[in-house]
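Visitor: The structure's right below; bear with me while I get my questions together.
The values are calculated or read from the model by the stated rules, or taken from the named source; none is laboratory data. Keep in mind it's a predicted model, so treat the numbers as computed, not measured. Cβ placement follows ideal geometry from the backbone for every residue including glycine, while neighbour counts extend to all protein chains displayed. Keep in mind that these areas ignore ligands, DNA and RNA; they rest on the heavy atoms of the full protein, side chains included. Shrake-Rupley method; radii C 1.70, N 1.55, O 1.52, S 1.80 Å.
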Amino acid sequence: MNRHTGFSLIELMIVVSIITILAAIAVPSYNSSVRKSRRTEAKTAITDFAAREERLYATQNAYSTDPVALGYGGSWPVSTGSYYQIDLPVSSAPTATTPATFTVTVQPAPGSPQVSDTACATFTLTNTGLQGATGTNPSSCWP
């Protein structure tokens, strides 16, 4: 008897179908995890900016909107890496009735894959520590 060994076409198609189903589930989950982990860059950048502002305030009794005075190079927006950038912060000078304040925003850099992260589009932080975010699920942005 001549016996042929190997896989039949049906067996091969079943294996390919199983692999396709697993990939259809795994790839979106992986992309979501990557987007979420990149948000850490934005959180780190915004808290670093706030710390720089507070150091400057401790020595000069004023906040600054000058990136060079804060230790960044160049001009606004300041890049935090490949995925996010710090936009020009909103600062107010102190008056007799209001103290100096700042509000800083970090958002995805143009052309970055994080632009498609609709859950947490931007992060904001004020001098009082008030954290905010915009997007479709902003409550999950600052755990």
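Visitor: What is the chain's relative contact order, in percent, from Cα pairs under 8 angstrom and six or more apart in sequence?
Guide: Computed value for the chain: 17 percent relative contact order.
Visitor: With no solvent and one point on each alpha carbon, what is the Debye value of log10 I(q)/I(0) for the chain at q = 0.15, 0.17 Å⁻¹?
Guide: Those come out to -0.79, -0.94, one per q.
Visitor: If you don't mind, there's one more thing I want to ask. Simple spin-label model, 7 Å along Cα-to-Cβ: Val16 to Asn137 in nm?
Guide: Calculated label separation equals 3.5 nm.
Visitor: Using a simple spin-label model with points 7 Å from Cα along the Cα→Cβ vector, what separation in nm is obtained for Tyr57 and Leu88?
Guide: 2.1
Visitor: Follow-up question, since we're still on this one. At R0 = 30 Å, how high is the FRET efficiency between Arg3 and Val27 if r is their beta carbon distance? Nearest 0.05 is fine.
Guide: About 0.15, to the nearest 0.05.
Visitor: Put a dot 7 Å past each Cα toward the Cβ at Val34 and Asp48; how far apart are the dots in nm?
Guide: Each label point lies 7 Å from its Cα, and together they span 2.2 nm.
Visitor: How would you rank 104-116, 11-23, highest first, on the average number of other Cβ atoms within 10 Å across their residues?
Guide: Result, highest mean Cβ count within 10 Å first: 104-116, 11-23.
Visitor: Let me ask you something else. Which Cα, out of Leu70, Ser33, Ser112, lies furthest along the positive dipole direction of the chain (beta carbon charges, K/R +1, D/E -1)?
Guide: Looking along the dipole axis, the top candidate is Ser33.
Visitor: Please report, in debye to the nearest 20, how large the charge dipole of the chain is about its Cα centre when each Lys and Arg carries +1 at its beta carbon and each Asp and Glu carries -1 there.
Guide: With Lys and Arg at +1 and Asp and Glu at -1, about 360 debye.
Visitor: Of all the accessible heavy-atom surface of the chain, with the other protein chains kept in place and a 1.4 Å probe, what percent is carbon and sulfur?
Guide: Values: 5640 of 9180 Å².
Of all accessible area on the chain, carbon and sulfur atoms account for 61 percent.
Visitor: Between Ala69 and Val115, what's the calculated FRET efficiency when r is the beta-carbon distance and R0 is 35 Å? Round to 0.05.
Guide: 0.75
Visitor: Give the accessible surface of the chain per residue, rounded to a whole number of Å², with probe radius 1.4 Å and ligands, DNA and RNA excluded.
Guide: Ligands and nucleic acids excluded, the figure is 64 Å² per residue.
Visitor: What whole-number volume per residue, in cubic angstrom, does the convex hull of the C-alpha atoms of the range 46-122 give? Mind dumping the intermediate values first?
Guide: On the way: hull volume 6.9 nm³, N = 77.
It comes to 90 Å³ per residue, whole-number rounded.
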